[in-house]
Amino acid sequence: EVQLLESGGGFVQPGGSLRLSCAASGFSFSTYAMTWVRQTPGKGLEWVAALSGSGGSIYYADKFKGRFTISRDNSKTTLFLEMQSLTADDTAVYYCAKDYSSMPVAGTGDHWGQGVLVTVSS
Amino acid sequence: QSVLTQPPSASGTPGQRVTISCSGSSTNIGSKTVNWYQQLPRTAPKVLIYSDNHRPSGVPNRFSASKSGTSASLAISGLQPDDEVDYYCAAWDDTLNGLVFGGGTKLTVL
């Protein structure tokens, strides 16, 4: 059974940093691209970043380039999202998702984590 | 403003068939596959349709999807009260080099 378990969310002050983790199990982790998607309160889904199964190809939505860093440790079957210079606008539920192939172009959401809440507030 | 355009709302009566549209361009829907997601309140999205028109196991055949040119649509037949949730489309965009979502459609079962 595919399982994705996010952790690392919580409260952070504006300007602060946070590292989210997504522990994966139940599938050949290095074979699949992985994605982070977020959802701000009461709003729709927003794609944040994705990377290929090998980790060699990385993609970011323009608004997160330079602030967010996606990475993966295939030996530990874990996906990460490092977030810096956080503002109140980054308050959201962050989901990790398994993609359909080794590259993210086929889309995401084959399986989703339960989501982790990040609250940026002073 | 979302790259993919969905109607913010849709409605139907129990038993009816409703469709939700998703309009894009040649750089996303026109050249890449479309996925559709269903999201219940306060839960993670769930894929309803992948690769334009494929239904994962466990998704009722009341849900179907199609694509033509730069537009896609999700159809729900035999509408049920539990279908009253949010629906999103998504596709990779070759120009943005990223995944783009529709703004979401809230379905109301009257």
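Within region A:1-61, list the GluC sites (Glu not before Pro) lying in a DSSP loop whose Cβ has at most 12 other Cβ atoms in a 10 Å radius.
Values: sites: A:GLU1, A:GLU6, A:GLU46; in loops: A:GLU1.
Hits after loop and neighbour filter: A:GLU1.
Would you kindly work out the equivalent ellipsoid of the protein assembly as shown from its C-alpha gyration tensor and give its semi-axes, the square roots of five times the eigenvalues, largest first in whole Å? List each step's numbers first, then the result.
Details: eigenvalues 162, 75, 58 Å².
Listed largest to smallest, the semi-axes of the protein assembly as shown are 28, 19, 17 Å.
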Task: Residue mean of other protein chain beta carbons inside 10 Å, B:28-37 - done: 2
Open item on the list: Of the candidates A:GLY53, A:GLY44, A:GLY109, which one comes out as most mobile in a Gaussian network treatment of chain A with C-alpha springs shorter than 10 Å?
Closed with: A:GLY44
Task: For region A:36-90, convex hull of alpha carbons as volume per residue, Å³ - done: 90 Å³
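Can you tell me the order of A:7-15, B:91-99, A:76-84 when each peptide is scored by its average per-residue count of other Cβ atoms within 10 angstrom, highest first? Present the calculation step by step, with values, prior to reporting the outcome.
Values: A:7-15: 13.6, B:91-99: 20.7, A:76-84: 18.9.
So the peptides A:7-15, B:91-99, A:76-84, ranked by packing, come out B:91-99, A:76-84, A:7-15.
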TODO: Within 10 Å of each Cβ in peptide B:41-48, how many partner chain Cβ atoms are there on average? Round it to a whole number, please.
DONE: 5
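Averaged across A:110-121, how many Cβ atoms of other chains sit within 10 Å of each residue's Cβ atom? Working shown, then result.
Numbers: counts 4, 4, 7, 1, 2, 4, 0, 0, 0, 0, 0, 0.
The per-residue average across the peptide is 2.
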- [ ] In a Gaussian network model over chain B where Cα atoms closer than 10 Å are linked, find which of B:ARG17, B:ARG42, B:ARG62 has the largest mean-square fluctuation.
- [x] B:ARG42
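Could you tell me what fraction of 2.2 N^0.38 Å the Cα radius of gyration of region A:6-122 comes to, as a two-decimal ratio?
Values: Rg = 13.3 Å, N = 117, 2.2 N^0.38 = 13.4 Å.
In units of the globular-protein estimate, region A:6-122 measures up at 0.99.
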TODO: Averaging sequence separations of C-alpha pairs under 8 Å and six or more residues apart, then dividing by the length of chain A, give the relative contact order as a whole percent.
DONE: 36 percent
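Values in this text are rule-based calculations from the coordinates and carry no lab data. These figures come from a predicted structure and were not determined experimentally. Every residue, glycine among them, receives a Cβ derived from its backbone with ideal geometry; neighbour counts consider all protein chains shown.
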